[in-house]
Amino acid sequence: MLTITDLRKVYPTGDEALKGVSMRVSGDEVVSVIGPSGAGKSTLISCINRLTEPTDGSIVLDDTKITSLSKRDLRRSRREMGMIFQEFNLIERLTVMENVLSGRLGYMSNWKAFRRKFDAEDISKAYEILDRVGLEDVEDKRVDELSGGQRQRVGIARAVLQRPKILLVDEPTSSLDPETSAAVMELLTEIAREEEIPVVINIHEVDLALEHTDRVVGLTDGRIVFDGPPGELDDGARDTIYRGGEPRAKAGERTTSTESVEIEPEGSF
Amino acid sequence: MAVEPRTSWTKYDRKTKILRMLGVLVAAVVAVLAWRALHVRYTFVANAARNLRDLLGRMYPPNPSYAVEIVPPLVETMNIAILGTGLAIFLSLPIAYLGAENTTPNAITYAIGKFLIVGTRSVNVIIWALFFIIIFGTGALAGVLAVAFRSIGFVSKLLAEGIEEIDPGQVAAIRAVGGSPFDVVVYGIVPQVKPTFVSVATYRWDINVREATIIGFVGAGGIGASLDASIDFFQWSNVLTILIAMLGVVLVSEGVSAYLRGKTR
């Protein structure tokens, strides 16, 4: 279970991205976070595994208080949180298999990692997951030879191979065409349900959120303004999330664009 | 009210014109003073054309029997270039890590990295060779070290720039799976800088073949020693033989380095 309490994030530029966010994700729930660009969706996701360091508030995963861990303990906890990125963030010059198996790096000694000496069990699980995401027979291809949809499948496989306690998913479909988006979203949520992993997905395509997730959280200007099942997201709720409560002015007006999050260096990597 | 049509236009006004003319005058005076300070002996200049014809006459034809003799020093030259470049790369890896803004642990390590990069680069290979000859005596070892230390700045500067240009997303992904700082380097950084690495290494090796041909003049091994000796004994046809051999070696090394750089992706 993930519990976020009063999370705040102020960037060094003075931008207040999160203004006290509290939420809870339990069991094997699939939760989507929706909201306009700049609402803080990506910041929220990357604060959970502290790729972005929160300014204030607490994040607790099961019995571990993520926000007060030392660097070393944080690395241990990150092994239990799978992350899927908007730009896939695969190691472009390595093969599909190396990318998938890199999900296990947190469990390996440096020497084994250097020699690519992965456990037999991880290797067989990796083949299994590659089959599951529809990437059989491409394990030796370099990732930069794949299409966008295939790359995100590698990203999903890498995160699932971690056998995580939670999946953090940041705009998984923003770099994909609509058809591929729907397929990737379906695959992602299906696998999460099979493996009983809870998921937090931030996504700006509301239709995909409604179709594939159990619960929708609306984030506007760093605050949660909606939290409920997809069925409750009526026009009024949408106006609250996307227009700060003002009713729709012009038909056809849409919020698009992608929001990127600044990942802060930890001094040395 | 008729407006007088304007017929004259100048780019500069009078004052600017005078200042610009003064500037040209100062530059000319500096050039003349510098030339005079060199004390060029014009009788030698007058003889230059004749001397050149004379030299070429003595050089030509090259001495083919000498060509066999210079094979060992040529091989030594290549070896100095290869070992020197290898050592330079080995020493440059940590310096590049320190000298790249996104990987260096803190401001002090960054300053150390930058200092090593600038410091090694500002000393010429001949001076490095003389320095190592004093420590290790004459021979190829001093040559290897001279070439290596001369190359550190170049190699680590370009590698550091390669590291600074990597995609931070790939690094974030390795951090997100709980990878150690070592994992981040091996999986997040190394694959991304590999093409830079290969191109810098081969390019520097190519430069070092040329560097290795001259350090023999001060006793640090390689073909330079043979060239120096042939000049000292006025064996001009041997000199031409060596120059042709050097040209061949340099062309081959250029070809190899261009091929290797084209190969990596």
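For the interface of B with A, what's the total buried accessible surface in square angstrom, probe 1.4 angstrom, rounded to the nearest hundred?
So the total buried area for this chain pair works out to about 2800 Å².
Note down the relative contact order for region B:134-257 as a percent, whole number, built from C-alpha pairs under 8 angstrom at least six residues apart.
Over region B:134-257, the number comes to 28 percent.
Which value in deg cm²/dmol, rounded to the nearest 500, describes the helix-derived mean residue ellipticity at 222 nm for chain B, given -39,500 (n - 2.57) per DSSP H run of n ≥ 4 and division by the residue count?
Using -39500 (n - 2.57) per qualifying helix, the result is -25500 deg cm²/dmol.
So for chain A, averaging the separation of alpha carbon pairs under 8 Å that are six or more residues apart and normalising by length, what relative contact order in percent results? The partial results should precede the final answer.
On the way: 487 pairs, mean separation 74.7, N = 269.
Relative contact order comes out at 28 percent.
So between B:Arg58 and B:Phe115, what do we pick up on full extension, going 0.36 nm a residue minus the alpha carbon distance?
Answer, rounded to one decimal: 15.7 nm.
Per 20 Å bin, what is the whole-percent P(r) computed from every C-alpha pair distance within the protein assembly as shown?
Pairs per bin, as whole percents: 17, 35, 24, 19, 5, 0.
So with the 1.4 Å probe, I'd like the accessible area per residue for region A:149-193, rounded to whole Å².
28 Å²
Stokes-Einstein at 25 °C, 0.890 mPa s, Kirkwood radius from Cα pairs: D for region B:91-168 in µm² s⁻¹?
Rounded to a whole number, D works out at 188 µm²/s.
If one computes P(r) from the Cα atoms of chain B, what percent of pairs lie at distances over 30 Å? If you can, show how the numbers build up before the last one.
On the way: 18781 of 34980 pairs.
I get 54 percent for the Cα pairs in chain B exceeding 30 Å.
Report the relative contact order of chain B, percent, no decimals, based on alpha-carbon pairs under 8 angstrom and at least 6 residues apart.
With pairs under 8 Å counted, the relative contact order is 25 percent.
Compute the distance from the alpha-carbon center of region B:27-49 to that of region A:68-130, in whole Å.
When both Cα centres are located, 69 Å separates them.
Modelled label-to-label distance, B:Asn106 and A:Glu190, 7 Å Cα→beta-carbon offset: nm?
5.2 nm
Please report the antiparallel percentage of the DSSP beta bridges confined to chain A, to the nearest 5.
55 percent
Where only protein heavy atoms count, and the probe is 1.4 Å, what is the accessible area per residue for region B:63-263 in Å²?
Value for region B:63-263: 44 Å² per residue.
To the nearest 0.05, what FRET efficiency results for B:Lys194 and A:Tyr127 with a Förster distance of 30 Å applied to their C-beta separation?
Efficiency computed from Cβ-Cβ geometry: 0.70.
Would you mind getting me the FRET efficiency between A:Asp140 and A:Asp28? Use the beta-carbon distance for r and R0 = 35 Å, nearest 0.05.
Numbers: r = 33 Å, r/R0 = 0.95.
The computed FRET efficiency comes out at 0.60.
So if I restrict to the alpha-carbon atoms in chain A, what is the Rg, and what is Dmax, the biggest pairwise distance, in Å?
When restricted to the Cα atoms of chain A, Rg and Dmax are 18.4, 60 Å.
Tell me the angle of helix A:120-132 to the major Cα principal axis of chain A, expressed in degrees between 0 and 90 and rounded to the nearest ten.
The helix A:120-132 is inclined about 50 degrees to chain A.
Measure off, as a whole percent, the carbon and sulfur share of the 1.4 Å-probe accessible area of the protein assembly as shown, all protein chains present.
59 percent
Check which residues have an amide H placed less than 5 Å from A:Val225's amide H, if you skip close sequence neighbours.
Under 5 Å from the amide H of A:Val225 lie the amide H atoms of A:Gly218, A:Leu219, A:Thr220, each far enough along the sequence or on another chain.
Are there any helices in chain B, counted as whole DSSP H runs, that stretch 27 Å or more along their axis by Cα and score at least 0.0 on average by Kyte-Doolittle, and if so which?
B:14-37, B:71-99, B:140-164, B:190-214, B:236-263
Identify the chymotrypsin sites (Phe, Trp or Tyr not before Pro) of region B:228-258 meeting these criteria: DSSP loop state and at most 14 other C-beta atoms within 10 Å of the C-beta.
B:Phe233, B:Phe234
Tell me which residues come under 5 Å, amide H to amide H, from B:Ser180 once H is placed; ignore anything under 5 positions away on its chain.
none
Compute the normalised compactness of region A:4-154: alpha-carbon radius of gyration over 2.2 N^0.38 Å, N being the residue count.
Cα Rg divided by the expected 2.2 N^0.38 Å: 1.19.
Taking springs between alpha-carbon atoms closer than 10 angstrom, which of B:Val32, B:Val45, B:Val190 fluctuates most in the Gaussian network model of chain B?
Answer for the Gaussian network model of chain B: B:Val32.
Residues with amide H under 5 Å of A:Arg215's amide H, sequence separation 5 or more or different chain, H placed in the peptide plane at 1.01 Å from N; which?
For A:Arg215, the qualifying residues are A:Val30, A:Ser32.
Between A:Lys125, A:Lys112, A:Lys141, find the one with the highest GNM mean-square fluctuation for chain A; connect C-alpha pairs within less than 10 Å.
A:Lys112
When the accessible area of each residue in region A:84-112 is compared between its chain alone and the complete protein assembly (1.4 Å probe; ligands, DNA and RNA ignored), which residues differ by at least 40 Å², being lower in the assembly?
A:Asn89, A:Ile91, A:Arg93, A:Leu105, A:Asn110
Please report the net charge: other residues with Cβ closer than 12 Å to the Cβ of A:Arg24, K and R +1, D and E -1.
Spelling it out: positives minus negatives among the neighbours equals -1.
Sequence neighbours fewer than 8 away in the same chain don't count; with that in mind, list the lysines whose C-alpha is under 20 Å from A:Lys117.
A:Lys117 reaches A:Lys125, A:Lys141.
Could you identify which residue out of B:Ala34, B:Ala148, B:Ala100 has the top mean-square fluctuation in a GNM of chain B using Cα springs shorter than 10 Å?
The residue with the greatest mean-square fluctuation here is B:Ala34.
What does DSSP give for the protein assembly as shown in terms of the percent of beta bridges that are antiparallel, rounded to the nearest 5?
Around 55 percent of the beta bridges assigned by DSSP in the protein assembly as shown are antiparallel ones.
What does the accessible area per residue of region A:1-124 come to in Å², with a 1.4 Å probe and no ligands, DNA or RNA counted? List each step's numbers first, then the result.
Working: 5010 Å² over 124 residues.
Here the residues of region A:1-124 average 40 Å² of exposed surface.
Tell me, what HN-Hα J-couplings in whole Hz come from the Karplus equation 6.51 cos²θ - 1.76 cosθ + 1.60 at θ = phi - 60° for each residue of region A:193-206, using x for Gly and Pro?
3J(HN,Hα) across region A:193-206, in whole Hz: 6, 4, 8, 6, 9, x, 9, 10, 10, 9, 8, 9, 8, 4.
Across region A:77-88, in residue order, what do the Karplus-derived ³J(HN,Hα) couplings come to in whole Hz, using 6.51 cos²θ - 1.76 cosθ + 1.60 with θ = phi - 60° and x for Gly and Pro?
6, 5, 4, 8, 10, x, 10, 10, 10, 4, 9, 6
The values are calculated or read from the model by the stated rules, or taken from the named source; none is laboratory data. Keep in mind that what you see is a predicted model, and the values were worked out from it rather than measured. Neighbour counts run over all protein chains shown; Cβ positions are idealised from the backbone, glycine included. All accessible areas refer to the heavy atoms of the entire protein, side chains included, with ligands and DNA or RNA removed. Shrake-Rupley method; radii C 1.70, N 1.55, O 1.52, S 1.80 Å.
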